[in-house]
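Report on the following structure.
The values are calculated or read from the model by the stated rules, or taken from the named source; none is laboratory data. The shown structure was predicted, so the numbers you read here are calculated from the model rather than taken from an experiment. Cβ sites come from the backbone with ideal geometry, for glycine too, and all protein chains shown count toward neighbours. What goes into the accessible areas is simple: the full protein's heavy atoms, side chains included, and nothing from ligands, DNA or RNA. Shrake-Rupley method; radii C 1.70, N 1.55, O 1.52, S 1.80 Å.
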Amino acid sequence: MKHKLTRAELKEKLRPWMRALTNPHLLISVGIAWFITNGWAYCATGIGWYADIPWLLHIGTVWLGILWMPGTPEKLFTFAIAIGILKLLFPEDTRTLAMIHRKRLQLTERTKVSWQKFRARFRRKKN
């Protein structure tokens, strides 16, 4: 049975994430990365529709259609680009980069454990 978090425990777990995600350097980096992966398509669609430029409207619409398809890994690419931009524009912000690295390692470890549990359960059902 899973332990239900109290409000204080949840607040304590979310505090490092909120501190990192509200960091101005990371917000700027994510904004630039979002525009590289998504934002241009919204602008292209809007400008293409408003200025009656069919090719621009079609390109923006097709890319938005791809982004809205289920299972599109666009968020992974956006976040990876944001980390690269953060390293490029703000190399002195080691605290945010260290927190992201630490969280990635924790997530990788939890994913490995979950995968092992799933495989063990799947193998038991198969036999």
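A few comments on the model shown:
- Highest-fluctuation residue, Pro70, Pro24, Pro91 considered, GNM on the chain with Cα pairs under 10 Å: Pro70
- Taking 0.36 nm per residue of separation and subtracting the current Cα-Cα distance, fully stretching the chain between Ala120 and Thr22 would add 31.3 nm.
- Based on every Cα atom in the chain, Rg and the maximum pairwise Cα distance Dmax equal 20.2, 63 Å.
- If you take the Cα centroid of the stretch 70-127 and the Cα centroid of the stretch 36-64, the two points sit 31 Å apart.
- Cross-link partners of Lys125 among lysines (Cα-Cα below 24 Å; sequence separation of 8 or more within a chain): Lys2, Lys112, Lys117
- Carbon plus sulfur fraction of accessible area for the chain, probe 1.4 Å, in percent: 69 percent
- Converting phi to 3J(HN,Hα) with the Karplus coefficients 6.51, -1.76 and 1.60 and the offset θ = phi - 60°, the stretch 5-22 yields 6, 7, 4, 5, 5, 5, 4, 5, 6, 7, 4, x, 5, 5, 4, 6, 6, 9 Hz in sequence order, with x at every glycine or proline.
- For the stretch 39-127, size of Cβ-based charge dipole, Lys and Arg +1, Asp and Glu -1, in debye: 1380 debye
- A Cβ-based charge dipole, computed about the Cα centre of the stretch 1-75 with Lys and Arg at +1 and Asp and Glu at -1, lands at about 700 debye.
- Normalised contact order of the stretch 1-119, rounded percent, pairs of Cα under 8 Å and 6 or more residues apart: 27 percent
- Between Thr72 and Thr111, the FRET efficiency estimated from the beta carbon spacing at R0 = 30 angstrom works out to 0.90.
- Among Trp63, His3, Trp17 - extreme Cα towards positive end, dipole of the chain, charges at beta-carbon: His3
- Å² of accessible area per residue within the stretch 1-101, as computed with a 1.4 Å probe and no ligands counted: 75 Å²
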